[in-house]
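Only one structure is covered here, and it is reproduced in the block below.
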Amino acid sequence: MKQAGVMLVIKDGLILGITRRSDHTKYGLPGGKFDSAIDKTVVDAAIRETLEETGLKVTHCAEIYKRVELGDGPTGEDFYSTCFYAVSWNGVPRDSEEGNVAWLTPEEVTCSKAAFGDYNRKTLDVFKTMFPHVHLHGE
């Protein structure tokens with residue numbers, strides 16, 4: 001089964017989001033597909049995609065949430081999506097050809113207008129139990 005890695009980056013209680021390439025009004029978390037030619041693990045994919053999409057270099061992360069995404073693309077193939085929390089990172093977020101970056105509230109990444117809002121909500125629910133000391137704006 002194919003895999004994708006996603007990264008949750010938090011600063012001052014806000015979450016780093018990136019717009020979709022095809023829709024610059026819809027924000028989601030940075031991340032992308034695991035590529036066995038480049039990545040050894042799905043965490044490598046999440047770190048690589050975060051750097052490519054946002055300019056941030058994740059130096060340490062922890063797995064938060066994994067689920068099966070039902071295939072709705074051209075191939076209809078299901079895949080595993082795993083979200084990691086960037087425990088430590090460096091750099092300054094910047095826009096890329098993938099989309100525009102912004103610091104968002106939890107509401108903005110979990111609402112019905114967000115990319116994968118339901119997945120993000122479940123991820124944040126698990127995150128809050130794993131990292132209760134990390135403040136999320138409005139939570």
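Along the axis of the charge dipole computed for region 6-64 (Cβ charges of +1 for Lys and Arg, -1 for Asp and Glu, origin at the Cα centre), the listed residues I10, V58, T25 are led at the positive end by T25.
Taking a ≥ b ≥ c as the square roots of the eigenvalues of the alpha-carbon gyration tensor, region 13-53 is classed oblate because a/c is 1.5 or more while a/b is no larger than b/c.
Once backbone amide H atoms are built at 1.01 Å from N, L104 has I15, L16, G17 as its partners under 5 Å, excluding neighbours fewer than 5 places away on the same chain. Across region 106-114, rounded Karplus estimates of 3J(HN,Hα) from the backbone phi angles (6.51 cos²θ - 1.76 cosθ + 1.60, θ = phi - 60°) give x, 4, 5, 9, 10, 6, 5, 8, 7 Hz, Gly and Pro being marked x. About its Cα centre, the dipole of region 1-41 is roughly 120 debye, where the only charges are +1 on Lys and Arg Cβ and -1 on Asp and Glu Cβ. Placing +1 on the Cβ of every Lys and Arg and -1 on the Cβ of every Asp and Glu, with no other charges, gives region 18-139 a dipole of roughly 260 debye about its Cα centre.
Just the protein heavy atoms count here, and of the accessible area of region 55-139 at 1.4 Å, carbon and sulfur take up 53 percent. M130 sits with roughly 90 Å² accessible to a 1.4 Å probe, with DNA, RNA and ligands left out of the calculation.
Taking the 1.4 Å solvent-accessible surface of region 1-54 as the whole, the part contributed by carbon and sulfur is 51%.
Taking amide H as placed 1.01 Å from N in the peptide plane, the amide H of L8 sits under 5 Å from that of F84, Y85, A86, each at least 5 places away or on another chain. In the full protein context, the chain carries 54 Å² of accessible surface per residue, based on a 1.4 Å probe and ignoring ligands, DNA and RNA. Close amide H partners of Y80, meaning residues 5 or more places away or on another chain with modelled amide H under 5 Å apart, are K2, Q3, A4, E69. Think of each Lys and Arg Cβ as +1 and each Asp and Glu Cβ as -1; about the Cα centre, that makes the dipole of region 69-139 roughly 360 debye. Near G117: Cβ cut-off under 11 Å, other residues only, Lys/Arg at +1 and Asp/Glu at -1. The net charge is +1.
The values are calculated or read from the model by the stated rules, or taken from the named source; none is laboratory data. Quantities reported herein were computed from a predicted structural model and do not represent experimental measurements. Quick reminder, even Gly has a Cβ in these numbers, built from the backbone with ideal geometry, and neighbours come from all protein chains shown. Heads up: the accessible areas ignore ligands, DNA and RNA and are worked out on the full protein's heavy atoms, side chains in. Shrake-Rupley method; radii C 1.70, N 1.55, O 1.52, S 1.80 Å.
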